[in-house]
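Chemist: Got a structure for you, written out below as structure tokens; questions coming shortly.
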Amino acid sequence: MDNQTARKLVNDSIAELGPRFAEIDEIALQNQKKVLDAFAAHGVQARHMYGTTGYGYDDCGRETLCAVFADALGAECAIVSPAISAGTQAITLMLFAVLRPSDRLLSVSGKPYDTLNDVISGKNRGSLADFGVSFDCIELVQKDELTPDFDYAAIEKELKKAFVKAVFVGRSRGYAWRNAVSVEQIGEMAAFVKKISPETLILVDNCYGEFVETTEPVQVGADLMAGSLIKNIGGGIAPTGGYVAGKRELVELVGYRMTSPSLGTEIGSHLGGYLPYYQGLFFAPQTTKNALKSAFLFANTYKKLGFDALPTADKPAYDIVAGIKLGSRRKIIDFCGAIQAVSPIDSNVVPEPWAMPGYQDDVIMAAGTFVQGSSIELSADSPLKSPYIVYVQGALTYEHAVLALLRTLERTV
Ligand SMILES: *Cc1c(COP(=O)(O)O)cnc(C)c1O
């Protein structure tokens, strides 16, 4: 497609998205208020930015950061740390913190994210299975063509079969062709589970979900949630890290797992200081807003060209991911190449499919990002298999998304 045609198409698409964008602006405003209120409530000062060394006893920067994150996420308590290397590690901490030998874990949103496979079922690597935790998985059902819902009948059956210590929910779509589940749906499911089995914990993979809505899963009945700081909640500023947030006594268990059962969250230093983590949280509502608009813009524009694409303009989105069924390996590679070419970093490199650790299929990833692999920055990836869906997420600025979209149209259509 030539540049002129692409511009006209994108402009029409933007015009159609007006009401959706207005709603996204309002959500960002409410979330920005939550963040600012949290900063004020904990009296954040310049001294909280400074680094510490050694054990990090009385590290006020670390302690205040955790408190501010907890408030902004509507949680009783949170652990936020640059020492949590990725979302996978944060979710691993959450799982190992509460599960004990012979416990049952039940996923109610289908197969957990690829990198959790070995965490749950790996052999001889210290997985939950190695420690005698059993795992069952219930697929989501479809409410309508693209809206998922929990399979309540199957959940009830599993809960009544034998005690389930924890129910696991993935909020985002992952690499599945469906919309994400909403916080409201998670709340309904949590209430349902607790009614049948009050002692069962609700654990949420919150990746890509933070600040997409105005409430978070722990505000509607989830006990713990975990995520990555190089996605929504790091605002594109945090250079690494993860968090776990939720009920105080459970977050304490996460602390025991993270450092040691004798030390918990009393220790932990970070020489580099906490400025990018505070600043990232401050930016997160706006960055998430840009990413959401980008997702709608990519999906709506490709939909106008006849491709199947999600999210659709007629419904709110519950994560920041767009999926486009491009239909061929060639188009995926061209699309990812275009995204890479309009990136601020490494625009000269050409992404290729490879066997990434933790993933089942060959994966291609375009991520010309300031922070390595950050997917709150504009990035695109695809497990290369039929029906050849490319997933696009992020964009620190909305304008970057527009320019990248134009380039993909020129290259792939
Ligand atoms: C990114 C992500 C994770 C964790 O991945 P990391 O690369 O380890 O941060 C888990 N679940 C979902 C749905 C994700 O998007």
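The values are calculated or read from the model by the stated rules, or taken from the named source; none is laboratory data. These figures come from a predicted structure and were not determined experimentally. So basically every Cβ, Gly included, is an ideal-geometry build from the backbone, and we count neighbours across all protein chains shown.
Chemist: So, residue 175, is that one modelled with pLDDT under 95, farther than 22 Å from residue 258 by Cβ and under 15 Å from the mean Cα position of the chain (by Cα) or not? It would help to see each step written out before you state the result.
Modeler: On the way: modelled with pLDDT under 95: yes; farther than 22 Å from residue 258 by Cβ: yes; under 15 Å from the mean Cα position of the chain (by Cα): yes.
Yes, satisfied.
Chemist: In addition: Determine, yes or no, whether residue 96 is among the aromatic types (Phe, Trp, Tyr), closer than 27 Å to residue 259 by Cβ and within 16 Å of the ligand (Cβ to nearest atom).
Modeler: Yes; evaluated as a whole, the condition is true for this residue.
Chemist: Here's a follow-up. Identify, by number, the condition in (1) surrounded by 15 or more Cβ atoms within 10 Å (Cβ to Cβ); (2) within 16 Å of the ligand (Cβ to nearest atom) that residue 122 doesn't meet.
Modeler: Among (1) surrounded by 15 or more Cβ atoms within 10 Å (Cβ to Cβ); (2) within 16 Å of the ligand (Cβ to nearest atom), the lone unmet condition for residue 122 is (1).
Chemist: What residue, among those in segment 348-373 that are exposed (fewer than 13 other Cβ atoms within 10 Å of the Cβ) and among the hydrophobic types (A, V, I, L, M, F, W, C), is modelled with the highest pLDDT?
Modeler: 350
Chemist: A follow-up question, please. Hey, among 119, 133, which residue is under 19 Å from residue 200 (Cα atoms), β-branched (Val, Ile, Thr) and touching a Leu at 6+ places or on another chain (Cβ under 7 Å)? Before you say what the answer is, go through the steps one by one.
Modeler: Values: 119 fails: under 19 Å from residue 200 (Cα atoms).
None of the other options fit; the residue is 133.
Chemist: Moving to a separate point now. Do we find that residue 162 is of a type in the set (A, V, I, L, M) and modelled with pLDDT of 95 or more in this structure?
Modeler: Values: of a type in the set (A, V, I, L, M): yes; modelled with pLDDT of 95 or more: yes.
Yes, satisfied.
Chemist: Whether any residue in segment 131-139 is touching a residue at least 60 places away in the same chain (Cβ under 8 Å) and closer than 26 Å to residue 392 by Cα is what I want to check. If you could, list the steps in order and put the result at the bottom.
Modeler: Keep residues of segment 131-139 that are touching a residue at least 60 places away in the same chain (Cβ under 8 Å), which gives none.
Within segment 131-139, none of the residues are touching a residue at least 60 places away in the same chain (Cβ under 8 Å) and closer than 26 Å to residue 392 by Cα.
Chemist: Next up: Residues of segment 206-224 being crowded, with 24+ Cβ neighbours inside 10 Å and farther than 17 Å from residue 155 by Cβ, which ones?
Modeler: Of everything in segment 206-224, those that are crowded, with 24+ Cβ neighbours inside 10 Å and farther than 17 Å from residue 155 by Cβ turn out to be 206, 207, 208, 209, 210, 211, 212, 216, 218, 224.
Chemist: Could you check how many residues of segment 272-314 are more than 22 Å from the chain's Cα centre (by Cα) and among the β-branched types (Val, Ile, Thr)?
Modeler: Number satisfying all stated conditions: 1.
Chemist: What do you reckon, is residue 32 assigned to a helix (DSSP H, G or I) and within 14 Å of the ligand (Cβ to nearest atom)?
Modeler: Values: assigned to a helix (DSSP H, G or I): yes; within 14 Å of the ligand (Cβ to nearest atom): no.
When the stated conditions are applied, residue 32 does not pass them.
Chemist: Using beta carbons and a limit of 8 Å, which pairs, at least six apart or on different chains, have the first residue in segment 212-236 and more than 21 Å from residue 185 (Cβ to Cβ) and the second one charged (D, E, K, R)?
Modeler: 236/377
Chemist: Condition test on residue 303, is it without any contact (Cβ under 8 Å) to a residue 12 or more places away in the chain and surrounded by 14 or more Cβ atoms within 10 Å (Cβ to Cβ)? Spell out how you get there, then give the answer.
Modeler: On the way: without any contact (Cβ under 8 Å) to a residue 12 or more places away in the chain: yes; surrounded by 14 or more Cβ atoms within 10 Å (Cβ to Cβ): yes.
So residue 303 fits the description; yes.
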